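The values are calculated or read from the model by the stated rules, or taken from the named source; none is laboratory data. Bear in mind that the values here come from a model prediction, so they are computed numbers and not experimental data. Note: ideal-geometry Cβ built from the backbone for every residue, glycine included; neighbour counts use all protein chains shown.
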Amino acid sequence: MLILVRSWILLSTLLVSAGWILSALHRLNRTGYGVALALAGIAVLFWQRKTGWPSGESPARFLYKLRHRLKRPAPALFGLLVMLAFLSGFLQPDLNYDSNAYRLPRLLHWLWQGQWHWIHTGDARMNINACNFEWLAAPLILFTHTDRFLFLINWGSYLMLPGLVFSVFNRLQVRPRVAWWWMWFLASGWCFALQAGSVDNDSLAAVYILAAVDLALRAVEKKSAADLWLSLLAAALVTGVKQTNLPLVLLWMIAAWPGRRLLWERPYGTVPVAALGLLVSVLPISLLNFKHYGSWLPVNIAGLPSAGKFHLDPFWGVIGNAFCIPVQNLLPPFHELLPPFFRYGVPLWNEQMRHFLFTPFGSHFSSFENFGYLCADYYHGIGEANAGIGLGICVLIFATFHAARKAGTSGKIILRDPTRFLLRVVPWMLLLLFMAKVGTFTNARHLAPYYIFLFPFFLVKPSHARVVRQPRWQRLGLEIMVFTAIVVAGAGNRPLLPLPAAWKMLHSEFPKQELITDQYLRYVESEYQAVKARKTFLNESLPSAEPVVGYCPLICDVDEPSLWLPYGRRQVECVAPGDSPERLRSLGIRHVVVHLGPQDGSISDWMGKYHGTLAAQYAFPTSSMQTAPPLELYLVQLN
């Protein structure tokens, strides 16, 4: 496992640094990556001649140990989760909102231009957000001309999660038996299991920060400067995945502080590693944000769904998140199987939360992005875009505390090593910092890299060594893993079986139980097929030989990746509301895909401004549950 972790950190560092360096050289293309990978291969061969390949167990020994471990239920269930995550990512196209709205489109813009550049767009997220995941994905897009394999980034890192949890817990003085059980159960948390087959970027940072702390503690124990350098790179990669991960660097600093002399004793290695760490960290995008907006993280600018938000008062930020985060984590996964009052209650809950913000007490939370909002009505349950650690782990936590209280507190007291003690306590302080500063409506998902470090503070107590021996507790944890496998197979926007077909089958088998109404079934089916239908419309309507296409989206639109298909053969230019007709013509744009909302005026006005004629039109499916006016996509040909 350790060889795999070290290799993953080095590969991630190579790809992220190559993205920035090739951009500076205007060579962000297949040739540039080919040269970068060739140079990396030469460096590996040179290093092998100097030091030799690391010794490890033979493949036969590894397979024997793997078969032996899979005979036990917890590892076997984790293997099932790994298999289901792979199948869901491989068989189903990813309809992740963030990916389609800005992460994948901005990567396609960069690859087309052969460099990172500030994109002319009305959605500022395409420019200001950290971009390490995109740099990991860039060579996959370039060499395969498809985005279907991007899930492998999360899936490969997910394989390392249990081993890293065990190693970190063990070094934080959690007893080995306790760490062994919890490494499997925590790996089945919904934010980790659901994102393993997706292109979201929250759980990816959890693997990096676990590796950073683990390698730093190993380096201190073994006096290894190489492990300390790797831990520095892993900590830097954490910040480059998402800006909300920046506080986690403090955990690495605590773990690495006792070994700081290893860095000073080898300056010829430390200086280039530190420079490389700055390159793969949040620093490059922060400097670019400061250049264009005067702030390292301009979250309140126009062009963001949350524009004008996030001036959180720290006190009310903590109070508000103390309500929102538990609510998001306690959501059930399948709303279609619940009684009708709950299924229809999610939109009602969201409406009540909006009214609450206009009350004197609720005004304290108006700086949140949609305070108390549940996006479960979009996914019809839990998906990777709204899942926290999950209802199953929450139930296990309650059961564990109840069993620990009954087990008593007698036992050998863990020695309070200052470094280990701080690593158990500081994560809770970082949680408070996160709650005081971050007010998005999916904070339970954004906390994915933080969750695991919150557990050693409690699990270090002697009573938990007795709890994990209880057959009833073990059975509960295994049942939760089984339930997580069901969630991975059927929840979110990448079900292994189409949800409408599954619900129809249930309805035909149990007609008297009224598991789901036909009205709601039609709503689910129309929403699930919407993106696929729009992609078909765009592919069939756009002229195949059109080299440049304009795109005038809503701020929160998800259709741009479809316009780039097939990747590498067509350029998409964003059309912002204030653009002049002359700019569009100077770019060679003859067709524009226009997505207007109810507040954006009529398509006739738009065509009058840009001197265009309507070439095709697509109406979004409507349902009896829909309250807003229907939206439409228009293909306009410029005269």
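A few points about this structure:
- Residue 225 vs. criteria in contact with a helix residue (DSSP H, G or I) (Cβ under 6 Å, 6 or more places away or on another chain), among the small types (Gly, Ala, Ser) and surrounded by fewer than 23 Cβ atoms within 10 Å (Cβ to Cβ): yes
- Within the range 436-460, residues that are closer than 18 Å to residue 96 by Cβ and touching a residue at least 60 places away in the same chain (Cβ under 8 Å) have Cβ atoms under 6 Å from residues that are part of a loop (DSSP other than H, G, I, E, B) and among the hydroxyl-bearing types (Ser, Thr, Tyr) in these pairs: 441/373, counting only partners at least 6 apart in sequence or on another chain.
- With a requirement of 1 or more residues that are at pLDDT 95 or above, the helices (runs of 4 or more DSSP H) lying completely within the range 206-283 that satisfy it span 225-241, 249-256, 267-280.
- Any chance residue 224 is closer than 30 Å to residue 578 by Cα, over 22 Å from the mean Cα position of the chain (by Cα) and not acidic (Asp, Glu): no
- The helices (runs of 4 or more DSSP H) found wholly in the range 479-579 and carrying at least 2 residues that are modelled with pLDDT of 60 or more occupy 518-541, 560-564.
- Qualifying residue in the range 162-180 (condition: in contact with a Gly (Cβ under 9 Å, 6 or more places away or on another chain), surrounded by fewer than 24 Cβ atoms within 10 Å (Cβ to Cβ), touching a residue at least 24 places away in the same chain (Cβ under 8 Å) and under 23 Å from residue 13 (Cα atoms)): no
- Failed item in (1) part of a loop (DSSP other than H, G, I, E, B); (2) over 24 Å from the mean Cα position of the chain (by Cα); (3) more than 18 Å from residue 179 (Cβ to Cβ), with residue 385 passing the rest: (2)
For every residue, the table says whether it meets (1) surrounded by fewer than 15 Cβ atoms within 10 Å (Cβ to Cβ); (2) touching a Phe, Trp or Tyr at 6+ places or on another chain (Cβ under 7 Å); (3) at pLDDT below 85.
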{"residue": "291", "(1), (2), (3)": "yes, no, no"}
{"residue": "295", "(1), (2), (3)": "yes, no, no"}
{"residue": "321", "(1), (2), (3)": "no, no, no"}
{"residue": "340", "(1), (2), (3)": "yes, no, yes"}
{"residue": "345", "(1), (2), (3)": "no, no, yes"}
